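Beneath this line is the structure, given in structure tokens, with notes to follow.
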Amino acid sequence: MNPYLSHRRALARRLPDGLILLCAGERLARNADTDYDFRQKSDFLYLTGVEEPGCRLLIDSRRGKHTLFMPRIDNQHRVWLGHVPGPEEARRLYGVSRVAYADTLALELRKARRGYRKIYADKDSLRIYRQSIRGLKAAPTEASDALSELRACKNPGELSLIRRASMITGGAHLAVMRSLRPGQYEYEAQAVFEAHCRAAGLKHLAFPTIAAGGVNAAVLHYHGNDARLRAGDLLLLDAGAECRGYAADITRTMPVSGRFASRQRDIYSIVLETQKACIERARPGVVSADLHIFSMTRIAEGLKSLHLLRGDTTGLVENGAVRLFYPHGLSHMMGLDVHDVAGGRKRRMRNPYKITIRFVAKLEPGFVVTVEPGIYFIGALLEDPENLRKHKTSVDFARARKYLDFGGVRIEDDILIRAHGPALNLTDVPKEIKDVEAACRR
Ligand code: GLY
Ligand code: MN
Ligand code: MN
């Protein structure tokens, strides 16, 4: 069965008592008459597979009709933009019952609404078709809640797309390791990564590439990518491509001159051991927030062994001292969005801890999540007077300041939670010190 048809049927089963109406994304002007590269809205992609803007989807569950509405294309459009699937081709391609032109939807809604009291629609549809659906009870959050619920656990078709994105992204990371050399610019590493993905047929990145050398690795979402890589620096590459909308999100930290220096090795080993221990513990029923706390405990112990932190480990986690070195989450869901939905309202959990943790969910078979601990030396945190005062007994700030030229280390893999046994690691890129060094050595 067409996978998108099965997604739509699953949604219709959850929302059987109303019409379902969703709008695709629209092109966005970048400047003058040039648009940003178009990327479909993830919910629309999940339900239709349509990568074109301007479409609409109407699901009439009672009559078992799924209609895709497409913009009316004139010959002039074909002259400039080439082939666009006609109604019959689109019907077969997307497995819908019928294809119609988008400019007929307002009128069609007046017929389709007969027998319904309710409409499940996204915000754009409610705004655009306000007149045609007047009198129906609008339920704007139920559709997105049901879609979050469906999208959280990945089915075999979705997993094969994630695996393809991961495999190509992994190959691209390896290509960067192999071509890395002192004197290169960060954007050259970025170019090697992105060229590999494009040459493998992937059109979109899942997010802007972070190619951060030396101190730039301490900027969590660094996008400058324009500094020179020096011998002795580490390069942190956090990058991923998407395959038919499904993301990969991989980070590797690699030595520019092919060998980790002793201080780099110490920090890298703490992050690596933490990451592997977290992957080992990622099983159904485990709460992601507990795994995050566990990762902070491991990082705190490692930093204690380097005399950067001192005191009781639990206290260092609870008082936030470890967050001066590890100020982000361990994990997030991954799928059609790189930071993907984590299930609907019923699945959502309260954060059991006082500290801020964004991703709080009980892991389930079919979840694809990242595992990405890190250690960074960030001036904005280590020189902040408030932190100096608050954490003076927990942090050896004088020692930590000596690392301000270090940057940071993050290691990120994408894993699939399975019903039985350990999670399946979808990421195949060297991460052991000897393997990273071997890949970087010329
Ligand atoms: N690349 C963004 C993240 O790791 O979440
Ligand atoms: Mn990530
Ligand atoms: Mn990432």
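Observations on the structure shown:
- Among (1) within 21 Å of the chain's Cα centre (by Cα); (2) more than 16 Å from ligand 1 (Cβ to nearest atom), the one test that GLU273 misses: (1)
- Qualifying residue in region 251-272 (condition: within 16 Å of ligand 3 (Cβ to nearest atom), among the charged types (D, E, K, R), in contact (Cβ under 8 Å) with a residue 40 or more places away in the chain and over 30 Å from PHE44 (Cβ atoms)): yes
- Any hit, region 379-390, residues being under 25 Å from ASP413 (Cα atoms) and either open to solvent by less than 30 Å² (accessible area, probe 1.4 Å) or within 16 Å of ligand 3 (Cβ to nearest atom) (or both): no
- Candidate set: region 196-215, residues that are within 20 Å of GLY379 (Cβ to Cβ) and open to solvent by less than 30 Å² (accessible area, probe 1.4 Å); chosen: the one farthest from ligand 1 (Cβ to nearest atom): GLY214
- Test: residue in region 212-221 that is away from ligand 3 (no atom under 15 Å from the Cβ) and either part of a strand (DSSP E or B) or more than 26 Å from PRO327 (Cβ to Cβ) (or both): yes
- Filter result for ALA227 (open to solvent by 10 Å² or more (accessible area, probe 1.4 Å), more than 12 Å from ligand 3 (Cβ to nearest atom) and in contact with a Pro (Cβ under 7 Å, 6 or more places away or on another chain)): no
- Pairs where the first residue, in region 336-352, is on the phi > 0 side of the Ramachandran plot and the second is open to solvent by 30 Å² or more (accessible area, probe 1.4 Å) and more than 16 Å from ligand 2 (Cβ to nearest atom), C-beta under 7 Å, 6+ apart: GLY343/GLU149
- Residue that is farthest from ligand 1 (Cβ to nearest atom) [pool: residues in region 175-189 that are open to solvent by less than 40 Å² (accessible area, probe 1.4 Å) and assigned to a loop (DSSP other than H, G, I, E, B)]: GLY183
- Being under 21 Å from VAL338 (Cβ atoms), assigned to a helix (DSSP H, G or I) and open to solvent by less than 30 Å² (accessible area, probe 1.4 Å) is a description that does not apply to VAL192.
- Which listed residue, of GLY421, GLY408, is of a type outside the set (S, T, N, Q) and touching a Phe, Trp or Tyr at 6+ places or on another chain (Cβ under 9 Å): GLY408
- Just so you know, in region 306-362 the residues that are under 29 Å from GLN264 (Cα atoms), open to solvent by 30 Å² or more (accessible area, probe 1.4 Å) and not in a loop (DSSP other than H, G, I, E, B) include one that is nearest to ligand 3 (Cβ to nearest atom), and it is ARG323.
- Scanning region 146-174 for residues that are free of Cβ contacts under 8 Å to residues at least 60 places away in the same chain and either open to solvent by 30 Å² or more (accessible area, probe 1.4 Å) or not in a helix (DSSP H, G or I) (or both) yields PRO156, SER160.
- Helices (runs of 4 or more DSSP H) wholly inside region 43-145 that include at least 1 residues being over 28 Å from GLU158 (Cα atoms) and open to solvent by less than 10 Å² (accessible area, probe 1.4 Å): 105-112
The values are calculated or read from the model by the stated rules, or taken from the named source; none is laboratory data. Because the structure is predicted, anything quoted here is derived from the model rather than measured. Neighbour counts are summed over all protein chains in view; Cβ atoms, including those assigned to glycine, are modelled from backbone coordinates with ideal geometry. For accessibility, only protein heavy atoms count, side chains too; no ligands or nucleic acids. Shrake-Rupley method; radii C 1.70, N 1.55, O 1.52, S 1.80 Å.
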